[in-house]
Amino acid sequence: MLLRPLSAALLLLATLGISRPVSAAEPAARQRLAIVKADDVKGVNGKWDRFITLSQERDIVVSLGIITESLATQDPKYVAWIKKWADSGKVEFWNHGWDHKSWTDAAGKKLSEFGGSGLEHQKDHLLKAQAAFKTATGSPYTIFGSPYNAMDGDTARALNEIPELKLIYCYPGSVVNAQLKGKVLLPMSLRGEHDGTSKPNFPKFKEDYQKKDGPALNLAAIQFHPLGFSEEGFKHYTDILDFLKAEGWTFILPTKYLELQAQATPAAKP
Ligand SMILES: [Zn+2]
């Protein structure tokens with residue numbers, strides 16, 4: 001990819017050891033986009049409402065991944081809760097697989113829902129999840145993020161056969177990314193939980209951020225597991241949000257990013 005003039009200039013300054021200008025002084029052209037990726041919805045729980053509300057108080061939209069087996073019975077209260085938030089336009093739900101299982105096979109190999117389980121298994125689980133979410137809300141999911149972020153060649157093949165899944169959460173630089181066709185990637189360029197699952201740590205986040213910060217860091221999906229947050233966890237989470245806002249990041253929903261990508265692609269223009 002060609003560097004835009006601004007990025008090139010910033011890179012030159014960085015190479016010369018001159019610190020780049022602070023965010024506020026930079027032209028608006030340098031848009032930095034963040035996406036909150038929160039995993040493991042499996043029912044109505046006050047922690048989800050708390051998570052959404054704390055985000056909304058900061059004008060921040062969030063994307064929540066559903067372990068879709070939880071929709072197998074279509075519990076009306078749960079379905080109403082999902083629809084309420086989806087209709088608010090502030091929350092987007094995504095396909096976090098069907099059962100989130102992991103296991104060890106007879107040879108002692110570790111497998112998971114989308115890690116070594118085979119093409120048929122993976123496609124079946126993706127499609128079951130698509131169907132259950134569509135029954136609940138009237139529309140299929142457009143975003144996928146795998147349990148444990150495990151993806152293999154079969155995951156890419158299965159996803160390539162499901163055009164309605166357009167956006168994929170991934171690790172930056174994963175070999176599977178290149179096997180995905182016609183998908184828009186949402187790279188987890190910044191880590192959300194530095195002390196383990198459900199344990200964000202703001203000082204560690206900030207330190208890590210400052211190491212990674214640079215002209216190339218313009219898009220980051222950031223992963224959290226709010227269901228396991230303690231009071232302290234919520235505080236670290238909101239400190240991270242406040243910090244990124246002050247750094248000039250704009251929080252968007254995944255489908256908004258899809259729109260921006262389509263606008264930026266010359267082929268999409270008349
Ligand atoms: Zn998960």
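The values are calculated or read from the model by the stated rules, or taken from the named source; none is laboratory data. All values reported here derive from a predicted model rather than from experimental measurement. Positions of Cβ are generated from backbone atoms using ideal geometry, with glycine treated the same way; all protein chains shown enter the neighbour counts. The protein model used for the area step is the full one, side chains on, heavy atoms only, and it has no ligands, DNA or RNA in it. Shrake-Rupley method; radii C 1.70, N 1.55, O 1.52, S 1.80 Å.
Only one of Gly173, Gly196 is among the small types (Gly, Ala, Ser) and at pLDDT 95 or above. Can you tell me which? Only one candidate passes the filter, namely Gly196. Restricting attention to the range 136-175, the residues that are away from the ligand (no atom under 16 Å from the Cβ), open to solvent by 10 Å² or more (accessible area, probe 1.4 Å) and assigned to a helix (DSSP H, G or I) add up to 6. Scanning the range 220-234 for residues that are open to solvent by 10 Å² or more (accessible area, probe 1.4 Å) and either within 14 Å of the ligand (Cβ to nearest atom) or at pLDDT below 95 (or both), we see that the one that is nearest to Trp48 (Cα to Cα) is Leu227. Does the range 44-62 contain any residue that is at pLDDT 95 or above and hydroxyl-bearing (Ser, Thr, Tyr)? Yes: the range 44-62 contains one or more residues that are at pLDDT 95 or above and hydroxyl-bearing (Ser, Thr, Tyr).
Among the numbered conditions (1) touching a residue at least 40 places away in the same chain (Cβ under 8 Å); (2) open to solvent by 50 Å² or more (accessible area, probe 1.4 Å); (3) touching a helix residue (DSSP H, G or I) at 6+ places or on another chain (Cβ under 6 Å), the only one that Gln179 does not meet is (1).
Restrict the check to the range 197-216 and report whether at least one residue is under 17 Å from the mean Cα position of the chain (by Cα), on the phi < 0 side of the Ramachandran plot, assigned to a loop (DSSP other than H, G, I, E, B) and more than 16 Å from the ligand (Cβ to nearest atom). Looking for residues that are under 17 Å from the mean Cα position of the chain (by Cα), on the phi < 0 side of the Ramachandran plot, assigned to a loop (DSSP other than H, G, I, E, B) and more than 16 Å from the ligand (Cβ to nearest atom), one finds none in the range 197-216, hence no.
In the range 26-66, which residue that is hydroxyl-bearing (Ser, Thr, Tyr) and either open to solvent by less than 30 Å² (accessible area, probe 1.4 Å) or over 19 Å from the mean Cα position of the chain (by Cα) (or both) is nearest to the ligand (Cβ to nearest atom)? Taking the candidates together, the pick is Ser63. You will find that of Leu185, Leu190, the residue that is in a loop (DSSP other than H, G, I, E, B) and within 23 Å of Leu253 (Cβ to Cβ) is Leu190 and no other.
Residue count for the range 67-92, restricted to those that are open to solvent by less than 70 Å² (accessible area, probe 1.4 Å), within 16 Å of the ligand (Cβ to nearest atom) and out of contact with any helix residue (DSSP H, G or I) (no Cβ under 6 Å at 6 or more places or on another chain): 2.
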